[in-house]
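K.L.:
Next up is a structure, given as structure tokens.
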Amino acid sequence: MLPRVKEMVQSIRKQFPWGLVVPVAIVGAVAYVILSHPPVQTVGTGEAGVRENRFNGEVTQWRDGSVLVLPGLHEMRVFSLRDRNYRPTEMARSDGPAPLQSREGLSLGVDLSVRYALDPARLRDVASRLPEDLDKQIVEPAIRGAIYKEFAKYTVREIFSTQRPEILKTVEADLKAKLAADGVLLRSIVIGKVDLPADYRRGMDQLLAEELASEKMRYTLELKDKRVKEVALDGEAEKTRREKTAEAHAREQVIAARGQEEAMKHVLPLKERQIEQRKLEAEADKQTRIRGAEASAAARKIEANGEADARQKLADAEAYRLEKVGKANADQMSREGLIVTAHPLLIQKAMAEKLSDKVQVIIAPPGGDGDIVSAALLGRPRK
């Protein structure tokens with residue numbers, strides 16, 4: 001830009017008289033300064049601006065907007081407040097340029113990741129001494145000072161497996177205090193892969209495999225022991241359950257027996273009363289039957305007597321009737337005998353009347369030998 005200004009001054013000298021050269025040069029210089037150093041600077045989103053007055057030392061902090069910065073009077077610095085991530089790659093490998101050292105003196109690498117940001121509350125106080133490259137001039141020295149010292153306290157095995165959370169906790173506390181002194185907030189720190197020397201890794205892998213096998217065996221034995229205890233507890237629980245069940249069953253039987261006993265106290269009198277009632281009912285039925293039988297016998301006796309009397313009367317009546325009939329028949333036969341004796345032909349006459357009309361009847365005197373029909377009538381010779 002300076003040669004260009006000189007050319008402009010020489011062209012002005014040629015065109016204008018010397019009296020106007022100085023004011024024009026002043027105006028041009030002012031315009032140049034304004035153009036090269038604008039009096040207004042912009043603070044973006046997620047940023048913070050710190051303006052310092054060079055005459056009175058006043059420091060003010062600005063956020064998200066335009067800030068008047070007069071050249072020669074003010075000095076303005078804009079800082080990003082967003083989170084930043086720093087990963088020291090030189091200590092990530094055991095054969096790298098800056099590996100860590102364990103307590104045994106072995107080199108190892110650690111994949112470390114640090115997330116940090118500027119503290120807005122302290123930015124105005126520390127802005128004047130903050131370097132342009134925070135990673136190289138503040139964060140990296142703080143990490144080196146904390147991480148090398150802490151890792152040197154532990155063995156490789158402790159770093160690799162058992163003490164990693166404890167190391168991380170100590171490093172985080174130490175690093176947070178160191179960064180806070182420079183107005184930097186530590187968000188988080190993560191220890192990733194630990195890179196071991198190749199020979200040590202093979203031995204470590206074998207040792208870890210053996211430890212894993214030992215741990216597996218220990219857990220297996222513990223599991224079997226727990227299963228044995230579980231079976232024993234199950235058996236004890238089953239025993240207790242059976243005992244409780246038997247006790248409950250016995251109590252139920254006792255309660256049932258007591259109930260039956262109590263019930264029998266009421267049932268037995270009831271049964272006795274029922275037996276007495278049945279006896280009384282049987283006796284009443286017996287008496288009823290006896291009375292009925294007696295009544296039936298008496299009735300049958302009366303009926304038999306009546307029937308006997310009736311039959312006697314009938315027999316008497318029949319005897320009387322037979323006697324009368326016999327007497328009548330005897331009288332009739334006596335009368336008929338007298339008639340027949342007096343008139344013997346009446347017999348033949350009666351016989352003739354009883355015969356059919358188609359039969360020719362001849363009346364003849366009786367035979368002298370007592371025959372009803374004369375022998376002459378019958379064609380037999382006389383004796």
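K.L.:
Do we find that S128 is open to solvent by 50 Å² or more (accessible area, probe 1.4 Å), in contact (Cβ under 8 Å) with a residue 24 or more places away in the chain, among the polar types (S, T, N, Q) and under 17 Å from Q101 (Cα atoms) in this structure?
P.N.:
Judged against the criteria, S128 is not a match.
K.L.:
Name the pairs: first residue in segment 334-352 and of a type in the set (K, R), second residue open to solvent by 70 Å² or more (accessible area, probe 1.4 Å), Cβ to Cβ under 8 Å, at least 6 apart or on different chains?
P.N.:
Every condition considered, the pairs that remain are K349/I363.
K.L.:
Only one of these conditions is not met by V171: (1) at pLDDT 90 or above; (2) outside any helix (DSSP H, G or I); (3) among the β-branched types (V, I, T). Which number is it?
P.N.:
For V171, the exception is condition (2).
K.L.:
Related question: Here are some residues: R82, R157. Which one is within 30 Å of T42 (Cβ to Cβ) and either outside the structural domain of G46 (by the TED database) or outside any helix (DSSP H, G or I) (or both)?
P.N.:
R82
K.L.:
Which residues, counting only those in segment 85-116, are of a type in the set (S, T, Y) and outside any strand (DSSP E or B)?
P.N.:
Matches in segment 85-116: T89, S94, S102.
K.L.:
State all residues of segment 127-146 that are within 20 Å of A92 (Cβ to Cβ) and in contact with a helix residue (DSSP H, G or I) (Cβ under 6 Å, 6 or more places away or on another chain); if no residue qualifies, say none.
P.N.:
Correct list: A142, A146.
K.L.:
Additional query: How about segment 174-189: which of its residues are assigned to a helix (DSSP H, G or I), open to solvent by 40 Å² or more (accessible area, probe 1.4 Å) and in contact with a strand residue (DSSP E or B) (Cβ under 7 Å, 6 or more places away or on another chain)?
P.N.:
Passing the criteria: only K176.
K.L.:
Also, quick follow-up: Yes or no: E303 open to solvent by 100 Å² or more (accessible area, probe 1.4 Å) and more than 48 Å from the chain's Cα centre (by Cα)?
P.N.:
The answer is yes for E303.
K.L.:
Limited to segment 36-85, what total is found for residues that are touching a His at 6+ places or on another chain (Cβ under 9 Å), open to solvent by 60 Å² or more (accessible area, probe 1.4 Å) and modelled with pLDDT of 85 or more?
P.N.:
Number satisfying all stated conditions: 1.
The values are calculated or read from the model by the stated rules, or taken from the named source; none is laboratory data. What you see is a predicted model; the values in this text were computed from it and never measured. Glycine gets a Cβ as well: all are built from the backbone with ideal geometry, and neighbour counts include every protein chain shown. Heavy atoms of the whole protein, side chains included, go into the accessibility calculation; ligands, DNA and RNA do not. Shrake-Rupley method; radii C 1.70, N 1.55, O 1.52, S 1.80 Å.
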